[in-house]
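Worksheet: one structure, shown below.
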Amino acid sequence: MANKMIPSQEDGSKSDNSYSITCTTNEDAVNVFQQSSRRLRDVNNWEKLCAGIIKASFTLCNEQGKEVHRLARLNDYFKIDIPGPGSIAGEGYDWVKIESIAIESDKANDIDLISMRARPATCPLNNKPSIAHFFSDDATSTFLIKREGTLVNAAIHGRNEKPNKDAESMIDSVRNKVIANGAILSFSDIQWKQLVIAFLS
């Protein structure tokens, strides 16, 4: 169920971070799955979930780029504020768009799954054609919560992560390379790991 949501690794780097807990009963596991699924889609509170460990802040925006205070939906955006200089193309932020959300249940095998996949995108606040993110739009981040019996797993899978070299401005090109290389080396392993733990806590 989960593998079809994760794109194949073709180029660049990849990251895989996951965390699992085993509950005492199926009822407890179902409750954990439901709470964790809500946390996954509650993008505005990701930073709070990790109690300051995550240095980037995430803001959920609708298709027009307006901030919204609700659970994430298909075609919404994350506006990401990371330490350091912001993206010129993104008006100070990095942007990703939610290209897929799926909720699945396999009662025969006692499995529940929610997945959400996001991809670097242009900024919805302007007409600039450049991808407003330090990664190219080949990159994806797939967020998963899966319950199988009493086992609940949270995971974030990054695929095809490479610097965005197609920025319009030289400043963004240099910025993207520096930040992307730092993200490949440390962001996924440190901050995403804390987030998957927080989803289940």
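With a 1.4 Å probe and every protein chain kept in, tell me what percent of the accessible surface of the chain is carbon plus sulfur.
Carbon-and-sulfur percentage of accessible area, whole number: 49.
Per-residue ellipticity at 222 nm from helix content only, as computed over the chain with -39500 (n - 2.57) for each DSSP H run of at least four residues, stands at -6000 deg cm²/dmol. The Rg/Rh ratio for region 94-136 is 1.27, where Rg is the radius of gyration of the alpha carbons and Rh is the Kirkwood radius. Comparing Pro124, Pro83, Pro163 in a Gaussian network model of the chain, where Cα atoms under 10 Å apart are tied by springs, the biggest mean-square fluctuation is seen for Pro83. Taking amide hydrogens as placed 1.01 Å from N in the peptide plane, the amide H of Ala72 sits under 5 Å from those of Asp42, Val43, each at least 5 positions away in sequence or on another chain. Computed over protein heavy atoms with a 1.4 Å probe, the accessible surface of region 83-201 works out to 43 Å² per residue. Its Cα gyration tensor gives region 58-164 an equivalent ellipsoid; the semi-axes, largest first and in whole Å, are 30, 15, 11. When the Cα positions of Ile103, Ala72, Ala118 are compared along the charge dipole of the chain, Ala72 comes out farthest toward the positive end, with charges on each C-beta of Lys, Arg, Asp and Glu.
In sequence order, region 119-129 has phi-based couplings of 9, x, 9, 6, 7, x, 8, 9, 9, 5, x Hz under the Karplus curve 6.51 cos²θ - 1.76 cosθ + 1.60, θ = phi - 60°, and Gly or Pro positions carry x. Counting DSSP beta bridges in the chain, what percent are antiparallel, to the nearest 5? Antiparallel bridges make up about 100 percent of those DSSP assigns within the chain.
Among Asp106, Asp166, Asp137, which one shows the biggest mean-square fluctuation in a GNM of the chain, springs joining Cα atoms closer than 10 Å? Most flexible of the set in this elastic network: Asp106.
One compactness figure for the chain is 1.02, namely its Cα radius of gyration divided by 2.2 N^0.38 Å. Per-residue surface analysis assigns Arg159 an accessible area of about 30 Å², computed on protein heavy atoms at 1.4 Å probe radius.
Ranked by the mean number of other Cβ atoms within 10 Å per residue, highest first, peptides 151-158, 58-65 order as 151-158, 58-65.
The values are calculated or read from the model by the stated rules, or taken from the named source; none is laboratory data. What you are looking at is a predicted structure, and each value in this text was computed from that prediction instead of being measured. Quick reminder, even Gly has a Cβ in these numbers, built from the backbone with ideal geometry, and neighbours come from all protein chains shown. Accessible surface areas use protein heavy atoms only, side chains included; no ligands, DNA or RNA. Shrake-Rupley method; radii C 1.70, N 1.55, O 1.52, S 1.80 Å.
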